[in-house]
Structures are given as C-alpha cells and as structure tokens.
1. Keeping every protein chain present and rolling a 1.4 Å probe, give me the accessible area per residue for the chain in Å².
2. Using alpha-carbon pairs under 8 Å, 6+ residues apart, how would you state the relative contact order of the range 230-371 in percent?
3. Could you give the nm distance between label points at N343 and H31, where each point is 7 Å from its Cα heading toward the beta carbon?
4. Once fully extended, how much extra length lies between E240 and K3, figured as 0.36 nm per residue of separation less the alpha-carbon to alpha-carbon distance?
5. Longer than 21 Å from Cα to Cα, which of K47/K215; K62/K259; K26/K62 are they? Say none if no pair is.
6. Would you calculate the separation in nanometres between label points at E399 and K384, each defined as 7 Å from the Cα along the Cα-to-beta-carbon direction?
7. Applying the Karplus parametrisation 6.51 cos²θ - 1.76 cosθ + 1.60 with θ = phi - 60° to the phi angles of the range 56-64, what ³J(HN,Hα) value in whole Hz is obtained for each residue in order, glycine and proline being reported as x?
8. Would you kindly derive the ³J(HN,Hα) couplings of the range 293-299 from the backbone phi angles with the Karplus curve 6.51 cos²θ - 1.76 cosθ + 1.60 (θ = phi - 60°), listing them in order in whole Hz, with x for Gly and Pro?
Amino acid sequence: MAKIVITYGTFDLFHIGHLNILKRAKEFGDHLIVGVTSEIYDRSRGKLNVVQDLETRLNAIKKLDFVDKVIVETHKNQKIEDIKHYKVDRFVIGDDWIGKFDYLKDFCEVIYLPRTKDISSTQLRKSIDSIKLGIIGTGRIAHRFATECSFVEGIEVHSVYSRDMKNVKSFIQNHDILYGFDNLDSFLKSDIDAVYIASPHENHYEQSKKVLHNKKHLLCEKPITLKVKEVEELVELALENNLILLEAVKTAFLPAFNKLLDEIKSGIIGDVIEVKATFTKLIEDRTLREWQSPFGGATNELSTYPLLLATKLLGDVEDIVFYTQKDNNVDLSNTIICKHKDNKVSISTVGIGMKSEGEAVISGTKGYIVIPAPWWLTREFKIKFEDIHKEYNFNYEFEGDGLRYEISEFKSLINRKNLISNMYSHNDMLKINKIIAKFNEKDFK
Ligand code: CTP
C-alpha cells in the first residue's frame, strides 16, 4: 500500500531549507501532502511577520513536481483531523520542533529531520529594507502605537511630528526615535515611506490629504474624517497614487475577530438577523478633548467599533435612528439603530458619560454568538444554541493591546503592494463613516 507522508510550514520566502525538507519528506513515502499555514492561523499563533500572502506561498509549493497535494492549515487542531482524513502514515517536520508533535504519535509515525543550516525565513526577512514610518501626534495613542511597532519586524518609527517641540522632544527620547519635527511640511519631505496619523479628528482630513499628496502610505486613526465626501476624496487620492490608505480600527485585524467572521460565514448560526454591540468608556474629566463640541462625543470617539461589527455582518444601512443623550451639546451616549437589507437590525450603543457592559451579541436563525466584554478586544467568543447543552468556545489570546496586528497588516499591504486590505477594505471604512457622518450632519444643523 502506498505510504502517505504529511508535513506543514509557513514557507515564507521559499528557500533551500524548505526545498531540502520537502524532498527528504517525500523519501519517507509515496505520496506527499504539504500543509501551508493561512494568514489568520499564523497571526493567531503570534507569527506576525510573514511577508508573502497565502496564495504566493501556496503557488511556490504547488510548483514542486514531487509534491502530490497542497492543503491550507487554518486552525490549531487541524493536524489530527488531516492525519485521520488522509490516512497519513508519517508526519515529518524539522528538528526545530523536536518533541512538540509527539502527541501525534497516537495517530501516525512522527519523524523529526535535521534543519538545513544557516538559512531561515526570519533571516531572509531581515535583509528586506524596513519601512520607515513617521507619526503625526504625540498623545496617548501615539505612545502606545510607537511601543507596539517594536514588536513588528520590518517597520521602524523613524520620525514624529507635533506642533509643540516640547512634546516632540520628549516623544523621541521616550521611544528612541531619530527625528522630530514641529513643521508638517518638513516632516513630510523627510525620508519616510509611510505615516500614522494620531492627531485629533478635526485634523485628520487636511493632514491625510497632505500625506497622500506627498506620496506616503497612510494609516489614520478613526474616524478618518467626519464627512463622507472627504473620505471618498481620500480613497480616490490614495488609489490614484498607488498608496495604501487604512483606517486604524484595531478590532478588524485581531485573529479572534477574523475567526468569528469565518465562523459566521460558515453558517453555524444560520442567517444573521440582529447585531447588538456596546462600547462605553467613562471619561470623567470634562475638560478633555472628548467632551468638546462639535468634534468630541461618544459617537465620534467610540462608534466605529460597534458599527464595524454591524456593517461587517449586515452590510449597508438603509435607514437609521439615533437616540442620543446630550450634555452641553456633546453626546454622552448614543444608541444607533440601523435597518440593513431585508429588515435586519443592528443596535450600537456608545457612551462616554454612561457606563454599561461592553459585550456583543449576534443573533441568527440557528443560534447566537456572545462576545464577552471588552468585545472590541476580541479574545474569546461563545457560539450557543436553543439546546443549552450545546456550546462552542473559542479562545485566541493576543499579545499587547492589539495594535501590533493592525501595524502588521499595514506593513504587509505595503510590502505586497496590495492597496486594499481583505480584513478592512475601503468599502468597509466608507460604510461606517457614512453613519458617523450622518450623525454629525444632523448634529451640526
Ligand atoms: N526548515 C528546515 N531548514 C531550514 C528552515 C526550515 O528544514 N533552514 C523546515 C522547518 O523545520 C519546517 C519547514 O521547513 O519543517 C517549514 O518551516 P518554516 O517555519 O516555514 O520555515 P523557517 O525558515 O523556519 O521560517 P521562520 O524563520 O519564519 O520560522
């Protein structure tokens, strides 16, 4: 009987070490199956720095005439499933994994082979030039962002801009950054490839335009602007100039959030009928930016997150009602009820002067999903059904406060010259910002 061998890997920047192990794996049988890790799976196990997309990595393996089958590895326990499904006789892997796969011995023979010396994808990635990033703004989020950048290979914070030189100086000292500017034009003319904007909302549009006119890729804090026309103009400008334009909505890039979307797509809870999500953050100091009219308020500060869930799952909005509580003309809370296609409904609640449980519930025709608070830092979710004994739990720990996944996606888009992110497209951004803009239009009357 033909012997079946299986092996797995990321196979980023395919190199001689990969070729050697695959050739040797084939010598252990007649039929070789190679599992290539998906992007979401790699991110969920903390491998954030893969340069090539899945398709490119798959194609490299498919070209090898001695490989008989190529599959995609998408989740943690898949190896056992594959071994049973394909009736595998031998599992082969490099000896950097020695002992780690002994648990598979219950299902097949496990063989660890010596790695080829002095070559690895990690080493090859180091020879690719780092992306030089400039940061606009020196506030709390800019500090967290700069710290998180140090966990993503291939991107380096090169310079920072703020109107206030005192803030610039302390920021560059804190984060060991080479250059600081208090003049935006000089900052944009400096040797940077990309810019992250972490300034107050009202500055985003003018600054974004300047960044794109200066031919730099752009990652901008949310909401990118408060007017639909302006978002559309920025998207057009980015596309015309072959530049990446990404809104910094960190939830969209988290492994668990993407797993959740995949589960829903698979139909496990049937057709999604209703989405409810709440995000409140009590801000007690009324002198802060968040409490200033007209740009502050709960909606501008926080609604991007629940609206991300609503629009990802239910699409465009056909009708909308805002139930807003105000203090001094600033919304301390807002419940945004949207009617989507086929009368499906989303209820998004935000508050800066009201506290509530920050959970999300997605209700479908066959079951429902609960994402416990804080749902926007998605780590776990439960899939539940009418039968209370049936429940699936998903847990995906992530490192840091989640920003590194967004940074890693921005970097990958630049490296791969992909103008649109699969996790958060321009369309996704427009859907959300249309709702926020509608609230602001109404408010400005
Ligand atoms: N491999 C090998 N010799 C090398 C590098 C990798 O035999 N010099 C093997 C690994 O042991 C594994 C397979 O190739 O069985 C796929 O490994 P992968 O993790 O994709 O490659 P690395 O170069 O180790 O990648 P990284 O540096 O990102 O960990």
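The values are calculated or read from the model by the stated rules, or taken from the named source; none is laboratory data. Keep in mind it's a predicted model, so treat the numbers as computed, not measured. Cβ sites come from the backbone with ideal geometry, for glycine too, and all protein chains shown count toward neighbours. Each accessible area value is taken on the protein alone, full model and side chains, heavy atoms only, with ligands, DNA and RNA left out. Shrake-Rupley method; radii C 1.70, N 1.55, O 1.52, S 1.80 Å.
1. Working: 20670 Å² over 445 residues.
Accessible area per residue: 46 Å².
2. Details: 252 pairs, mean separation 43.7, N = 142.
Relative contact order here is 31 percent.
3. 5.1 nm
4. Numbers: separation 237, 0.36 × 237 = 85.32 nm, distance 5.35 nm.
Here the answer is 80.0 nm.
5. Values: K47/K215 30 Å; K62/K259 26 Å; K26/K62 14 Å.
The pairs that break the limit, which is 21 Å between Cα atoms, are K47/K215; K62/K259.
6. According to this spin-label approximation, the distance is 3.4 nm.
7. Whole-Hz 3J(HN,Hα) from phi for the range 56-64: 5, 5, 5, 4, 4, 6, 4, 5, 7.
8. The phi angles translate into 7, x, 8, x, x, 4, 5 Hz.
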